[in-house]
1. To two decimal places, what compactness ratio does segment 1-84 give when its Cα radius of gyration is scaled by 2.2 N^0.38 Å?
2. If the elastic network links every pair of Cα atoms under 10 Å, which of Tyr246, Tyr153, Tyr97 fluctuates the most in the Gaussian network model of the chain?
3. Just the Cα atoms of segment 84-206: what Rg and Dmax do they give in Å?
4. What residue among Val38, Val220, Val160 has the largest mean-square fluctuation in a Gaussian network model of the chain, using Cα springs under 10 Å?
5. Just to be sure I understand the curve: with the Debye formula and one point per C-alpha of segment 131-281, what is log10 I(q)/I(0) at q = 0.10 Å⁻¹?
6. Could you order Ser129, Ser63 so the one with the most accessible surface comes first? Probe is 1.4 Å.
7. In deg cm²/dmol, rounded to 500, what helix-only [θ] at 222 nm does the chain give when every DSSP H run of at least 4 residues adds -39500 (n - 2.57) and the total is split over its residues?
8. Enter the per residue convex hull volume of segment 95-165, computed from alpha-carbon coordinates, in Å³ rounded to the nearest integer.
Amino acid sequence: MYTTLKKVLKEAEDLNMAIGAFNTHNLEMLPAIIKAAVNQRTPVIIQTSCGTANYVGHKNLVSICKSMAEEYGVDIVLHLDHAKDYDEIRKAIDAGYSSVMFDGSSLPLKDNILGTKRVVEYARKFDVSVEAELGTVGGTEDGIVVEQKDVQYTDPEDAVEFIRQTGIDALAVAIGTNHGQYKSKTKINFKRLEEIKKAVDIPLVIHGGTGVKEEDVKKVIRRGIRKFNVGTELLVGWNRKAKECYDSHKENVSNRDNVVPCLNVIEEIVEKKINLFKNIG
Ligand code: 13P
């Protein structure tokens, strides 16, 4: 069914696993991600930036997620990723998104709390879940760059206060991962993750999942990560395959001859990730 982040992350907590949250950049990728989840028999979180949502159309995304959830009997959450603007969040909620992230991580703590609270108040009216971020994840996401010198790990005491004052459903933590890191591997601060997990009692989210080593994926899930975000790895997979196809095919072939091989790559990557997220040993 079409459902909320709160519900699937509660199940993930009970099963000691993480639910994969995959960024789509267009309409094409969506069914491939969902089919991978169907094959793996797990819920899936589809996430879009505000840019993707405006490009594809919020209602189109909602409709497809709803109809595929019904057709395939799979739990699907449609989540707005890294929204910094209240009006963008309202637009997504009004169109039927079941989950949103308010990203006030670049704001002073007080303003992050105020902005997040405002979003939670609106989202609650529609049973929409809210994720928020404390500390800063490095790297590039949707064109916004956070330099390494500006990266700040999440402070466990701030996290307790932040959750108490805002009432969010999930907390994105900064523990050393970077958005868009695919050429090298991330160095994770496991100790900080343990301290945060000990201090708070809501599901934790990891951003910048592409650069995380397989053994570290298992380690962070064992330490309480329940939503695992992957974006860049899908883009790189798609773009590499697309280059190969467009270079080798004639100009007048069906568009599907170029697009379907890319979708197969997406399905393969997502299946592999989900399999890892649910089998942590
Ligand atoms: P990557 O693109 O680094 O996998 O990160 C995805 C993400 O965290 C989206 O918010």
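1. For segment 1-84, the normalised Cα radius of gyration is 1.03.
2. Tyr246
3. 14.4, 42
4. Taking springs between Cα atoms under 10 Å, the residue moving most is Val160.
5. -0.42
6. Highest to lowest solvent-accessible surface, that is Ser63, Ser129.
7. Value at 222 nm, helices only, nearest 500: -16000 deg cm²/dmol.
8. Enclosed volume per residue, from the Cα hull, is 95 Å³.
The values are calculated or read from the model by the stated rules, or taken from the named source; none is laboratory data. As the structure is a computational prediction, the values presented were derived from the model and not from experiment. Note that we place each Cβ from the backbone using ideal geometry, even for glycine, and neighbour counts take in every protein chain shown. For accessibility, only protein heavy atoms count, side chains too; no ligands or nucleic acids. Shrake-Rupley method; radii C 1.70, N 1.55, O 1.52, S 1.80 Å.
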